[in-house]
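Each remark here refers to the structure printed beneath this line.
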Number of protein chains: 2
Amino acid sequence: MQALLDNLRELLGPDRVLSEAAAMAPMLTDWRGRYRGRALCVVQPGSSAEVAAVVRACVAAGAPIVPQGGNTSLCGAATPDDSGRAVVVSLSRINRILAVDAQNNTITVEAGCTLAAVQDAARAAGRLFPLALASEGTCQIGGNLSTNAGGVQVLRYGNTRELTLGLQVVLPGGELWDGLRGLRKDNTGYDLKQLFIGAEGTLGIITAAVLKLFPLPKTQTTCWLNVATPAAAVELLNRARSAFDAQLTAFELVSETALGLVLRHIPGARRPAAASPWYVLAEFSDAHPAAVERWLADCLASGAVADGTVAASDSQARALWALREAISEAQKIEGVSIKHDVAVPVSRIPDFLCRADAALAAAFPGIRVVAFGHVGDGNLHYNLSKPDAADNAAFLACLPEVNRIVHDTVHALDGTISAEHGIGQLKREEILRYKSAVEIELMRTIRQALDPLGLMNPGKLPGPR
Amino acid sequence: MQALLDNLRELLGPDRVLSEAAAMAPMLTDWRGRYRGRALCVVQPGSSAEVAAVVRACVAAGAPIVPQGGNTSLCGAATPDDSGRAVVVSLSRINRILAVDAQNNTITVEAGCTLAAVQDAARAAGRLFPLALASEGTCQIGGNLSTNAGGVQVLRYGNTRELTLGLQVVLPGGELWDGLRGLRKDNTGYDLKQLFIGAEGTLGIITAAVLKLFPLPKTQTTCWLNVATPAAAVELLNRARSAFDAQLTAFELVSETALGLVLRHIPGARRPAAASPWYVLAEFSDAHPAAVERWLADCLASGAVADGTVAASDSQARALWALREAISEAQKIEGVSIKHDVAVPVSRIPDFLCRADAALAAAFPGIRVVAFGHVGDGNLHYNLSKPDAADNAAFLACLPEVNRIVHDTVHALDGTISAEHGIGQLKREEILRYKSAVEIELMRTIRQALDPLGLMNPGKLPGPR
């Protein structure tokens with residue numbers, strides 16, 4: 001191990017190999033503080049060639065490799081295990097915007113760019129990079145790629161996978177694969193980039209990418225719509241899509257319980273319309289405001305929407321979005337809860353909420369469900385707690401049983417137990433319950449083929465046989 | 001081999017195992033008649049379970065397996081080699097529409113459905129399945145998936161890959177992988193379906209899929225626009241995208257040479273506007289016709305468009321599209337030519353045409369270039385001939401040199417030698433010249449890992465070491 005340290009210092013320079021506990025500490029725990037690992041060192045290469053050299057050195061020494069971007073994983077995907085043998089490879093210094101091709105609508109970026117830096121570079125060229133997340137100022141595009149990040153604009157623009165045209169990757173053997181192509185069509189064999197997107201760093205280290213850009217929307221119209229039920233929200237979604245197609249750029253569901261927490265805990269939050277069991281926050285881009293008004297009037301007349309308001313100004317629109325975005329914060333103030341990041345087919349959202357709510361109420365009387373999320377993608381954040389603090393402490397100990405009920409319900413409806421956040425360490429065992437043996441075996445076959453030594457981010461995703 | 005035949009007859013019934021030369025003949029040649037193979041038999045399983053049983057029988061006997069859909073490949077991807085040992089697996093009988101979920105905007109189909117049948121089933125549910133190809137009445141969705149088919153609406157809706165949410169696949173060992181999920185977000189490990197899309201049947205046999213649906217456009221506005229140069233066409237593309245975003249659903253480039261062939265050979269074809277070196281056929285969906293008219297007026301005023309016409313009726317729009325769609329037919333009547341299916345970054349289309357035209361004119365004086373295609377995707381059909389029939393016969397013998405010039409030019413501009421059609425047998429050797437050793441090795445590693453016996457569609461795509 002000392003020989004590997006010496007070797008890495010020679011490759012990168014001594015300043016780029018951190019091995020003292022205090023210097024490494026921020027990189028050895030996740031930002032929620034749920035996982036804590038140990039490492040031989042944290043290295044900070046400055047180029048993809050240096051990443052490749054680091055990987056070759058680790059392979060020669062048999063040391064596990066843990067790639068790390070902004071370290072904002074919600075499932076411990078970037079935290080090493082406690083063997084103390086791992087080399088954490090920080091991508092933070094590999095952070096240049098390599099090119100913006102406005103006519104091709106592409107941007108070429110290194111993995112360590114923050115998501116916000118990518119958004120900014122696109123905007124400076126008069127284009128939109130539509131991926132947007134709460135952690136965008138900190139998370140890095142390499143991590144977004146490795147976790148196939150989602151967010152609020154997936155309805156219109158797709159997940160990170162759909163935004164990616166090309167990748168550059170250091171493979172588990174230390175070879176550099178240059179797939180930095182900016183092509184909309186390329187049918188020349190297996191689409192290798194797909195392997196690395198969402199692979200959580202288990203098949204290689206993404207060092208750069210070519211991403212799609214879009215025209216900047218010129219106008220946005222934001223509405224707050226009262227609906228009686230989740231079924232009414234799903235029907236309204238399809239009505240809005242039929243009328244506005246791709247101009248419908250967000251469609252978020254919020255329950256009265258979720259709104260209530262925001263109104264209670266967030267200073268300045270105000271109820272935007274009459275109370276209702278459920279709300280939809282819808283955003284239309286480049287649609288004529290009068291067309292949105294007409295559509296809303298039709299929805300009100302037919303009873304599809306019980307009450308609704310269209311933001312009359314940017315500040316009103318921001319206030320509506322602030323209500324949606326403050327839910328997580330309000331929940332945190334209210335107290336801890338058991339959270340889920342699930343998705344089902346959009347048509348089955350009402351059924352999921354009905355079944356899961358009933359099963360949980362039966363098993364845990366008095367349980368409080370805070371449900372909200374990207375209904376246009378079938379993706380719900382489904383968070384559970386007891387209103388009384390003392391009750392809640394006991395309830396949190398029931399996490400395995402609660403997960404079982406929620407995940408079994410999701411699975412019965414052909415859904416997924418991780419829509420956006422990935423598997424990491426958090427759901428590594430849980431996923432074995434829901435994937436078929438054939439699928440797990442196929443994943444293992446791929447991993448074994450690309451990383452026969454098992455050194456790439458071990459302990460994340462289901463492991464080798 | 002006789003034992004395998006007996007075994008297959010027992011599994012499927014004797015009528016579903018064709019082994020007589022006359023019965024097999026249509027399935028042993030490609031539709032252009034360029035490839036001719038031999039086979040032990042052609043089998044017609046009726047379910048995915050039967051496909052799995054066939055694969056297991058072939059594996060036990062060591063017989064190569066060639067999946068075949070509508071047999072419309074342009075690169076020999078569905079034609080067996082001449083060993084006579086292959087079992088051709090026709091998917092034609094596995095052709096049910098399994099489900100349409102209008103609220104989830106998905107359709108679940110078996111692999112043997114024709115593309116037209118999928119489009120029709122979607123339309124019957126008030127939805128659009130946007131994949132559209134010349135061969136849509138014959139080609140099958142399993143083949144579209146296996147070749148990641150493109151077409152004219154990729155600009156708005158993406159390739160087949162982007163239209164796919166889930167797959168069911170019989171793996172090379174005969175296991176059935178059921179990945180028929182209809183989820184917009186699912187981050188639970190490697191996205192295995194991506195492996196099989198565009199793999200040309202070398203990693204398994206796709207037996208069913210869940211595909212995305214979209215709202216049916218309510219209106220379409222079609223324009224024919226004169227532009228002086230390909231560079232002007234690319235600038236116009238971005239101007240149209242900025243103004244209309246996703247409402248711009250097609251943007252096709254046509255050269256005067258291509259139009260001239262149509263006017264000469266296709267009865268009823270009429271010049272839609274003044275002559276120009278280049279034309280753009282643009283289609284806007286759900287945009288207000290007045291907005292398109294205003295945009296065109298601005299383009300004319302600024303000189304971005306030299307002349308232009310907006311179709312005033314559906315029949316005028318169809319006539320404009322007929323000009324574009326008749327190019328292939330007109331070329332066939334004119335005589336044989338050397339065709340290319342290439343793509344470059346959209347921004348480099350002008351450079352590609354300039355460089356390739358010049359290099360070819362220098363090497364082959366008097367050469368005629370017929371260029372047209374999906375400029376919005378960077379994808380050009382670039383077809384070459386000599387105007388004089390006798391000259392052309394000699395020219396056709398120069399195919400390797402012509403390909404070398406075109407493909408080297410494409411490669412120098414970071415493009416691809418196969419944008420839409422795939423590799424198959426046609427470009428299996430050629431692609432080795434342009435892919436890096438690392439990339440070829442990665443493709444071989446995947447193929448070896450999933451199909452260690454090398455029985456899945458051998459001879460297509462670069463083979464094992």
Where B:Thr202 falls short, out of the listed (1) in a loop (DSSP other than H, G, I, E, B); (2) under 22 Å from the mean Cα position of the chain (by Cα); (3) within 7 Å of chain A (Cβ to nearest Cβ): (3)
Only residues in region B:314-330 that are closer than 17 Å to B:Ala275 by Cα count as the first member; pair them with residues that are of a type outside the set (Gly, Ala, Ser) and surrounded by fewer than 14 Cβ atoms within 10 Å (Cβ to Cβ), Cβ under 6 angstrom, at least 6 apart or cross-chain, and list the lot. none
Only one of these is modelled with pLDDT of 95 or more and buried (at least 22 other Cβ atoms within 10 Å of the Cβ): B:Ala57, B:Ala3. Name it. B:Ala57
Could you please give the count of residues in region B:259-283 that are touching a Leu at 6+ places or on another chain (Cβ under 7 Å) and more than 23 Å from B:Asp377 (Cα to Cα)? 4
Would you confirm whether any residue within region A:333-340 is closer than 25 Å to A:Tyr157 by Cα, surrounded by 17 or more Cβ atoms within 10 Å (Cβ to Cβ), in contact with a Ser or Thr (Cβ under 7 Å, 6 or more places away or on another chain) and not assigned by TED's automatic domain parsing to the domain that holds A:Thr160? no
Consider B:Ser328 carefully, then state whether it is modelled with pLDDT under 95 and in a helix (DSSP H, G or I). yes
For B:Val152, which of the numbered conditions (1) among the aliphatic types (A, V, I, L, M); (2) surrounded by fewer than 20 Cβ atoms within 10 Å (Cβ to Cβ); (3) modelled with pLDDT under 95 fails to hold? (2)
Out of B:Ile431, B:Ile423, report the one residue that is closer than 29 Å to B:Ala78 by Cα, within 14 Å of chain A (Cβ to nearest Cβ) and crowded, with 22+ Cβ neighbours inside 10 Å. B:Ile423
Output the residues belonging to region B:261-299 that are among the acidic types (Asp, Glu) and either within 31 Å of the chain's Cα centre (by Cα) or outside any helix (DSSP H, G or I) (or both). B:Glu283, B:Asp286
Those residues that are within 24 Å of the chain's Cα centre (by Cα), in a loop (DSSP other than H, G, I, E, B) and either farther than 12 Å from A:Gln425 by Cβ or in contact (Cβ under 8 Å) with a residue 60 or more places away in the chain (or both), I need them from region A:18-31; list them, please. A:Trp31
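Matching residues to (1) away from every other protein chain (no Cβ under 14 Å); (2) of a type in the set (A, V, I, L, M, F, W, C); (3) out of contact with any strand residue (DSSP E or B) (no Cβ under 9 Å at 6 or more places or on another chain):
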residue: A:Leu296; (1), (2), (3): yes, yes, no
residue: A:Leu300; (1), (2), (3): yes, yes, no
residue: A:Ala311; (1), (2), (3): yes, yes, no
residue: A:Gln316; (1), (2), (3): yes, no, no
residue: A:Ala322; (1), (2), (3): yes, yes, yes
residue: A:Ala326; (1), (2), (3): yes, yes, yes
residue: A:Ile367; (1), (2), (3): yes, yes, no
Only listed residue being surrounded by fewer than 22 Cβ atoms within 10 Å (Cβ to Cβ) and part of a strand (DSSP E or B), chosen from B:Val369, B:Val438: B:Val369
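Listed here are the residues, each with its yes/no results for (1) at pLDDT below 95; (2) of a type outside the set (A, V, I, L, M, F, W, C).
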position	(1), (2)
B:Trp278	no, no
B:Ser285	no, yes
B:Arg294	no, yes
B:Asp298	no, yes
B:Ala301	no, no
B:Thr309	yes, yes
B:Gln316	no, yes
B:Leu320	no, no
B:Leu323	no, no
When (1) crowded, with 19+ Cβ neighbours inside 10 Å; (2) in contact with a strand residue (DSSP E or B) (Cβ under 8 Å, 6 or more places away or on another chain) are applied to A:Thr409, the one that fails is (2)
Within region A:98-122, how many residues turn out to be within 14 Å of chain B (Cβ to nearest Cβ) and part of a helix (DSSP H, G or I)? 1
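The values are calculated or read from the model by the stated rules, or taken from the named source; none is laboratory data. Small disclaimer: the values here were computed from a predicted structure and weren't measured. Cβ atoms come from the backbone with ideal geometry, glycine included; neighbour counts cover every protein chain shown.
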